[in-house]
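Participant: Submitted below is the structure of interest, expressed as structure tokens.
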Amino acid sequence: METLRGAAGVRLLLAALFLLLQQLRLGAGIACPCQDPALCTPISGTREFEVLVFDIGGSTWRFYNWTHITTVATFGKYDPELMCYAHSRGARVVLKGDVLVTKIVDPAFRAAWIKQQVDLAKKQYMDGINIDIEQEVARSSPEYDALTALVKETTEAFHKAIPGSQVTFDIAWSPHCIDKRCYNYTGIAESCDFVFVMSYDEQSQVWSDCIARANAPYNQTIAAYEQYIRMGIDPKKIVMGVPWYGYDYTCLSLSEDHVCSIAKVPFRGAPCSDAAGRQVPYKLIMDRVDTSLSGILWNEEYEAPYLEYKAPNGAFHQVWFDNPKSISLKADYVTEAGLRGIGMWNGDCLNYSGGSVAEYQTEAMWEALTPEGP
């Protein structure tokens, strides 16, 4: 009996010391918000296949398929419950990092910004940072080298301060100065744990006919990954991003062979862009199927689905999106090319309201992300 009391006392002492260390680690005396204090310990180790989920806030994370999730990038308000639950599933939770590139030319500013991010991650018991900078950078500019330096210095600081932490960087769908983002992509990839390729919004600059097209056409998407790999980026440093949303375009005219002419909305020098449409989450697109003129159609050139409908004002619309079929094709490439994994923007685009149809559609999208998906 005395031995049992002693063991219990040791466990209580260790728990108290753990909480004290966590409070000292924060510097602000904020206790671990999890019922089990062990869940405030950063996640360490490398997963064989990464599934990165972007969460934009709210409570839909409770209904995610957590079977394969390895990292959640929080782009909404910090939710300690999400952190605790993700850690209970062995998944990392990382900050969103963004900063004006004109300021990071100053090394002192970079150091201060990085310290601020590390301190915030420690305060919130998080596991790293996803740097999402999507600003114009010219190859000949001071910002070109400064951006690479920022990524390298951020990675070093996080790895030192939070053992096992993860630093990632979001890059454009193609290395060819998309939207004037001329970054040192090989240098950035070498400087962090992996890059997340945002393989969507691929019609942000349209130089040919102003017609509605797929958000992430298969051949164009895959060709860009081949270019990144030929540049020297290790496939194991690349995570493919896929869209869980599409674009709804108002057609100025809609031909019998499904060519939808759209308004000219210039963007960064291009005569037209996907700004002529509006982004629509997958769940709302699926709600539109039964009342559409066409049902879900399939484009063989883009290997992507689309549908057409007539609005109450009489205008014809064409909606391009990704579904389990198109995502599975890309997931197959992830496996074949040996990429680090896959992820999506964003986890809150699906219908988590319940009901057999919604559940089937939502589960199919989650399962499509993994190599054994549909």
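Just so it is clear, none of the values below were taken in a lab; they were calculated from the coordinates. These numbers were taken from a predicted model, which means no experiment stands behind them. Here the Cβ is made from the backbone with ideal geometry for all residues, glycine too, and neighbour counts use every protein chain on show.
Participant: Would you calculate the separation in nanometres between label points at LYS103 and SER59, each defined as 7 Å from the Cα along the Cα-to-beta-carbon direction?
Facilitator: Label at LYS103, label at SER59, 3.5 nm between them.
Participant: Quick one: plug the Kirkwood hydrodynamic radius of the range 252-374 (C-alpha pairs) into Stokes-Einstein at 4 °C, 1.567 mPa s, and report D in µm²/s.
Facilitator: Numbers: Rh = 16.3 Å.
The diffusion coefficient I find is 80 µm²/s.
Participant: Net charge within 15 Å of ALA276 by Cβ-Cβ distance, Lys/Arg positive one each and Asp/Glu negative one each, not counting ALA276 itself?
Facilitator: Taking every other residue near ALA276 into account, the sum is -1.
Participant: Now for a separate question. Once the principal axes of the Cα atoms of the range 119-255 are found, what is the range along each, listed largest first in whole angstroms?
Facilitator: That gives 59, 34, 26 Å along the principal axes, largest extent first.
Participant: Could you work out how much longer the chain between ALA138 and ASP257 gets when fully extended? Use 0.36 nm per residue separation minus the Cα distance between them, nm to one decimal. Intermediate results must be reported in sequence, preceding the final value.
Facilitator: Values: separation 119, 0.36 × 119 = 42.84 nm, distance 4.06 nm.
Taking 0.36 nm per residue and subtracting the Cα distance, the gain is 38.8 nm.
Participant: What does the charge count near SER204 come to, summing +1 for each Lys or Arg and -1 for each Asp or Glu among other residues with Cβ under 9 Å from its Cβ?
Facilitator: Numbers: positive: ARG268; negative: ASP179, ASP201, GLU202, ASP274.
Its environment carries a net charge of -3.
Participant: Give the value in nm², to one decimal: projected area of the alpha carbon convex hull of the range 334-374, averaged over all directions.
Facilitator: Result: a mean projected hull area of 3.3 nm².
Participant: Sorted from fewest to most neighbouring beta carbons within 10 Å, what does the list THR67, THR250 look like?
Facilitator: THR67, THR250
Participant: Out of the range 57-148, which trypsin sites (Lys or Arg not before Pro) are coil in DSSP terms and have no more than 11 other C-beta atoms within 10 Å?
Facilitator: Taking the range 57-148 and a limit of 11 other Cβ atoms within 10 Å, the loop trypsin sites (Lys or Arg not before Pro) found are LYS77, ARG139.
Participant: Quick check on my link table: of LYS123/LYS180; LYS160/LYS180; LYS152/LYS283; LYS283/LYS325; LYS123/LYS236; LYS77/LYS115, which ones sit more than 27 Å apart, alpha carbon to alpha carbon?
Facilitator: Over 27 Å Cα-Cα: LYS123/LYS180; LYS160/LYS180; LYS152/LYS283; LYS123/LYS236.
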